[in-house]
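*Asks:* Handing you a structure now.
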Amino acid sequence: MAQVGRSGRAGGRAGGSAVRNRKMSKKVGSGGKPTRTASEVVESPQANSSTRAVVAATPRHLLQLEGMDRVTLTRLLRRATMHATKAEAGENAEQTLSGVTVANLFFEDSTRTRTSFSMAAFNLGARVLEFGATTSSVSKGETLIDTARNVEAMGVGVLVVRAKQSGAAEMISKDAGASIVNAGDGRHEHPTQGLLDMLTAAQALGRVETLDFSDLRLAIVGDAVSSRVARSAIHGFTTLGAKVMCIGPSAMAPKSLETLGCTVERDLDAVLPDVDAVMMLRVQFERHGDASGAKASPLIPSIREYRVGYALTPDRESMMKPSAIVMHPGPMNRGLEIDAAVADGERSVILQQARNGVFARMAALEWVAAAPQIAK
Amino acid sequence: MPSHTASDGVLITGARIIDPASKLDKIGDVVVAGGLIRQIAISKSERKQISPGEVAMVIDGEGLIASPGLIDPHVHLREPGFEYKETIESGARAAAAGGFTAVCCMPNTSPALDTPELVRFAKDRADGAACRVFAVAAATKGRKGEELTESRLLAMAGAVGLSDDGDCIASAGMMGRVLSACRDVGLAFMQHAQEPTMTKGAAMHAGTVSTRLGLGGWPRAAEEIIVERDVRLNAGIGAHYHVQHISSAGTCEIIRRARREGINVTGEASPHHLVATHEMCEGYNALAKVNPPLRETSDMKALREAVADGVVTVLGTDHAPHSADEKALPFEEAPFGFVGLESAVALYVEGLIASGAVDWPRLIALLTIEPAKLCGLDRMGLGRLVVGGPADITLIDPDEQWTLTRDDLVGQSWNTPFLGRELIGRPSLTMVAGRVQHQRLGERLGSAGIVFPS
């Protein structure tokens with residue numbers, strides 16, 4: 001077995017008919033869910049120690065939190081907590097991914113997610129490959145899937161994929177021999193962000209032991225419809241029992257979001273006194289159809305009007321419960337959706353989120369690579 | 001009986017002959033020779049007079065429906081400009097395999113079919129193709145919605161309708177001028193109803209699935225407001241205004257009301273909108289990406305009802321070939337559209353006959369005389385079975401059970417979400433001007449020494 005991540009794969013790709021086979025064998029709605037049947041684990045020669053990750057016959061992917069059951073979520077969060085505790089105590093993590101190559105395949109810009117994944121992989125002893133893909137490679141000549149296949153062919157066990165198209169990670173997973181971790185796909189999901197948000201909320205609100213969020217109220221404020229962070233948070237938090245509200249103008253928080261299992265509110269001031277956590281979302285100008293990236297959006301008439309309704313100012317912060325926390329996935333538009341005094345204030349767990357990102361991603365990488373410590 | 005040479009004659013015996021134009025639905029025999037229908041024999045005495053000895057080929061039509069050749073008023077044959085997806089020749093082959101003897105190709109080619117010269121080019125390319133191919137010409141230059149094309153010259157060159165299909169004529173002022181021009185030259189205008197500013201970046205129906213998948217939504221209202229606008233305009237103009245590939249229940253209602261008011265408007269249904277809904281896009285299945293999009297069960301049912309009560313008078317596949325590479329792009333970047341010709345009849349059977357919306361004679365009308373009238377092909381004798389008329393005939397096995405596979409798709413592309421679907425009903429012979437262009441007759445074929453394309 002020369003290549004980690006390829007050897008045990010069930011079924012092969014047959015040259016030019018790969019696309020055809022993939023499409024034809026697809027079953028609507030069932031493909032690529034993270035809850036898919038746990039793979040049969042086969043031993044690879046280098047990894048006969050029980051502390052090492054082994055290569056699965058069918059790769060496991062982390063594509064979305066939608067549909068992930070409570071048991072799996074809990075398992076991931078407990079493992080992340082364990083990593084956090086160890087790090088706190090100054091201990092090194094177990095080298096569960098030694099011998100595994102993790103490639104960061106980022107088709108879209110990112111700083112913290114990318115760094116966080118690299119850090120997580122390093123901590124676990126994996127080799128880390130940074131693949132500099134640009135959006136311009138995603139064209140008819142070099143499709144996203146071609147790029148992914150080429151990187152995979154180099155012997156990569158885990159592909160961490162960030163792309164601007166919703167569904168990109170799932171698409172790559174459909175004929176991948178490597179495990180795929182979705183590091184954000186368009187407006188769809190950002191599952192490891194969801195995990196780190198849950199971990200942070202659990203720590204800050206005293207729920208690390210139980211992981212029971214059933215009396216917890218989370219307000220997601222702002223541009224939820226464009227937000228993969230919001231979708232993952234809605235699915236993850238509600239699975240653990242939380243009540244999730246999206247708050248924003250109709251163009252950013254349409255009623256249709258309620259089909260995801262949250263409620264939609266318009267009046268932030270009315271909601272704030274009752275919530276345990278506020279997740280402020282960045283206004284994503286780049287997803288509103290204006291490629292110029294100018295600080296203007298067709299969804300809102302002006303920033304000053306948006307701020308009147310939805311910015312988290314010190315005044316608003318003072319309406320919150322004493323115990324309530326403020327989160328933001330970053331990058332922040334300071335002075336737009338959140339004021340500096342709040343972002344850097346006592347309730348803010350924003351840096352804790354960044355720190356927890358590493359632990360959540362360590363757990364995620366171990367889970368997809370079927371490390372025995374987490375893959376029951 | 002008119003004289004004919006025995007050598008090229010074909011006799012179809014004992015088929016259920018359905019010709020909606022003459023309200024014929026009887027068991028009988030059909031004799032074809034010299035490219036024309038020579039005899040339609042229904043009564044015992046007529047049938048007795050026919051001797052197999054006079055023809056070269058005898059087809060046992062028992063259990064089959066003999067229909068006027070099917071006409072598809074809405075296909076994309078991609079030539080010129082996108083020959084890697086489809087050509088007029090390959091598209092005509094797919095059409096014949098699907099039972100169609102005539103198709104009307106849309107002008108969203110490169111360059112667009114917006115001059116008489118280009119319409120003649122398309123006509124030339126159709127020479128020798130497996131079915132008749134007529135061109136629908138662009139209504140505005142380059143399909144940009146800004147300047148009128150030469151509608152009279154286009155009509156003289158053979159265009160059978162005007163449309164900017166693929167793009168909607170967004171300006172109401174321009175739309176009024178287009179409708180007036182269409183009325184003046186007697187061509188139907190075929191609208192792709194899609195308000196552009198509401199559908200920028202839209203990839204699928206705006207609903208629960210698009211919300212969950214994080215894909216841009218295409219709301220029903222973007223179709224409805226264009227149709228509402230256009231019927232208001234046309235109330236004062238009186239052109240033949242035709243709404244292509246209706247996707248929304250509300251559009252059916254707008255057309256129903258307009259027709260009641262006496263406005264000249266017809267509607268078209270595509271097979272996929274009659275049998276599928278937006279859930280087909282689950283898992284980012286780009287093969288299910290189509291424009292206008294698959295919507296909800298309520299829309300699908302409303303569309304079937306609109307066919308049943310005569311609001312929708314024409315069926316069109318919107319056959320839209322794309323290469324495998326293009327359809328393998330991420331959902332948002334993959335192009336819209338399905339190939340539809342080869343599977344159309346079976347999907348119409350599923351959506352309209354099996355659901356009880358219409359009976360066979362009405363389904364045949366929707367596929368023959370009605371589209372013939374829309375495109376003026378009835379003036380050439382197409383869309384009906386009449387003695388002395390062109391022998392464009394489709395035999396359909398209404399009960400054949402089959403599963404759609406890539407082998408059944410004989411055009412250049414295979415992009416359809418219906419691969420693997422179990423189907424009922426299939427054309428078994430396609431005859432164009434007396435020539436067999438496609439057949440799957442097997443033992444029904446009793447002939448000597450004639451080689452037919454299969």
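*Asks:* Would you check if residue B:268 is touching a Pro at 6+ places or on another chain (Cβ under 8 Å) and not in a helix (DSSP H, G or I)?
*Replies:* Yes; evaluated as a whole, the condition is true for this residue.
*Asks:* Give, as residue ranges, the helices (runs of 4 or more DSSP H) completely inside region B:136-213 that count at least 1 residues that are more than 14 Å from chain A (Cβ to nearest Cβ), more than 30 Å from residue B:277 (Cβ to Cβ) and of a type in the set (Ser, Thr, Tyr).
*Replies:* Numbers: elements: B:151-157, B:172-185, B:208-213.
Per the criteria, B:151-157, B:172-185.
*Asks:* Continuing with this model, one more query. Scan region A:164-173 and give yes if some residue there is among the basic types (Lys, Arg) and surrounded by fewer than 24 Cβ atoms within 10 Å (Cβ to Cβ), otherwise no. It would help to see each step written out before you state the result.
*Replies:* Initially, region A:164-173 is screened for residues among the basic types (Lys, Arg), giving A:164.
Restricting the remaining residues to those that are surrounded by fewer than 24 Cβ atoms within 10 Å (Cβ to Cβ) gives A:164.
Yes; the residues of region A:164-173 include at least one that is among the basic types (Lys, Arg) and surrounded by fewer than 24 Cβ atoms within 10 Å (Cβ to Cβ).
*Asks:* Further, regarding this structure: So which strands (runs of 3 or more DSSP E) are wholly in region B:1-95 and hold at least 3 residues that are touching a Phe, Trp or Tyr at 6+ places or on another chain (Cβ under 8 Å)?
*Replies:* The qualifying strands (runs of 3 or more DSSP E) are B:70-75.
*Asks:* If I ask for residues that are surrounded by fewer than 16 Cβ atoms within 10 Å (Cβ to Cβ) and among the aliphatic types (A, V, I, L, M), which ones from region B:149-163 would you list?
*Replies:* B:153, B:156
*Asks:* Which residues, counting only those in region A:336-357, are open to solvent by less than 20 Å² (accessible area, probe 1.4 Å) and assigned to a helix (DSSP H, G or I)?
*Replies:* A:342, A:343, A:350, A:353, A:356, A:357
*Asks:* Quick one: count up the residues across region A:167-197 that are free of Cβ contacts under 8 Å to residues at least 40 places away in the same chain and in a loop (DSSP other than H, G, I, E, B).
*Replies:* Within region A:167-197, the first condition is being free of Cβ contacts under 8 Å to residues at least 40 places away in the same chain, and the residues that meet it are A:167, A:171-172.
The next check asks that each one be in a loop (DSSP other than H, G, I, E, B); those that pass are A:167.
The qualifying residues number 1.
*Asks:* Output yes when any residue across region B:132-146 is touching a helix residue (DSSP H, G or I) at 6+ places or on another chain (Cβ under 9 Å), over 28 Å from residue B:236 (Cβ atoms), open to solvent by 50 Å² or more (accessible area, probe 1.4 Å) and charged (D, E, K, R), and no when none is.
*Replies:* Checked region B:132-146: at least one residue is touching a helix residue (DSSP H, G or I) at 6+ places or on another chain (Cβ under 9 Å), over 28 Å from residue B:236 (Cβ atoms), open to solvent by 50 Å² or more (accessible area, probe 1.4 Å) and charged (D, E, K, R).
*Asks:* Next up: If I filter region B:362-376 down to residues being assigned to a helix (DSSP H, G or I) and farther than 21 Å from residue B:275 by Cβ, which single residue comes out as most open to solvent (accessible area, probe 1.4 Å)?
*Replies:* Looking at the filtered set, the residue picked out is B:373.
*Asks:* Something else now. Just for region B:227-263: of the residues that are among the β-branched types (Val, Ile, Thr) and in contact with a strand residue (DSSP E or B) (Cβ under 7 Å, 6 or more places away or on another chain), which one is nearest to residue B:334 (Cα to Cα)?
*Replies:* Filtering region B:227-263 for residues that are among the β-branched types (Val, Ile, Thr) and in contact with a strand residue (DSSP E or B) (Cβ under 7 Å, 6 or more places away or on another chain), the one nearest to residue B:334 (Cα to Cα) comes out as B:246.
*Asks:* Is there a residue being within 24 Å of residue B:257 (Cβ to Cβ) and either in contact with a helix residue (DSSP H, G or I) (Cβ under 7 Å, 6 or more places away or on another chain) or away from chain A (no Cβ under 13 Å) (or both) anywhere in region B:275-285?
*Replies:* For region B:275-285, residues within 24 Å of residue B:257 (Cβ to Cβ) and either in contact with a helix residue (DSSP H, G or I) (Cβ under 7 Å, 6 or more places away or on another chain) or away from chain A (no Cβ under 13 Å) (or both): absent.
*Asks:* Do you know which residues across region B:105-125 are in a loop (DSSP other than H, G, I, E, B) and buried (at least 23 other Cβ atoms within 10 Å of the Cβ)?
*Replies:* Residues satisfying the conditions are B:106, B:107, B:109, B:112, B:113, B:114.
*Asks:* For region B:93-113, which residues satisfy the criterion of being touching a Pro at 6+ places or on another chain (Cβ under 7 Å) and of a type in the set (A, V, I, L, M)?
*Replies:* Across region B:93-113, the qualifying residue is only B:113.
*Asks:* Let me ask you something else. For residue B:333, state whether it is surrounded by fewer than 20 Cβ atoms within 10 Å (Cβ to Cβ), within 14 Å of chain A (Cβ to nearest Cβ) and either outside any loop (DSSP other than H, G, I, E, B) or not small (Gly, Ala, Ser) (or both).
*Replies:* For residue B:333, the condition - surrounded by fewer than 20 Cβ atoms within 10 Å (Cβ to Cβ), within 14 Å of chain A (Cβ to nearest Cβ) and either outside any loop (DSSP other than H, G, I, E, B) or not small (Gly, Ala, Ser) (or both) - is met.
*Asks:* Tell me, which strands (runs of 3 or more DSSP E) wholly within region A:198-277 include 3 or more residues that are open to solvent by 10 Å² or more (accessible area, probe 1.4 Å), at pLDDT 95 or above and within 14 Å of chain B (Cβ to nearest Cβ)? Working first, answer last.
*Replies:* Values: elements: A:217-221, A:243-247, A:263-265.
Those strands (runs of 3 or more DSSP E) do not exist here; none qualify.
*Asks:* In addition: Do we find a residue being away from chain A (no Cβ under 14 Å), farther than 28 Å from residue B:159 by Cβ and of a type outside the set (Val, Ile, Thr) anywhere in region B:363-377?
*Replies:* No, that holds for no residue.
The values are calculated or read from the model by the stated rules, or taken from the named source; none is laboratory data. Being a predicted model, the structure only gives us computed values, none of them experimental. Reconstructed Cβ throughout: ideal geometry from the backbone, glycine too, with neighbour counts over all protein chains shown. Calculation scope for accessible area: heavy atoms of the full protein, side chains included, ligands and nucleic acids excluded. Shrake-Rupley method; radii C 1.70, N 1.55, O 1.52, S 1.80 Å.
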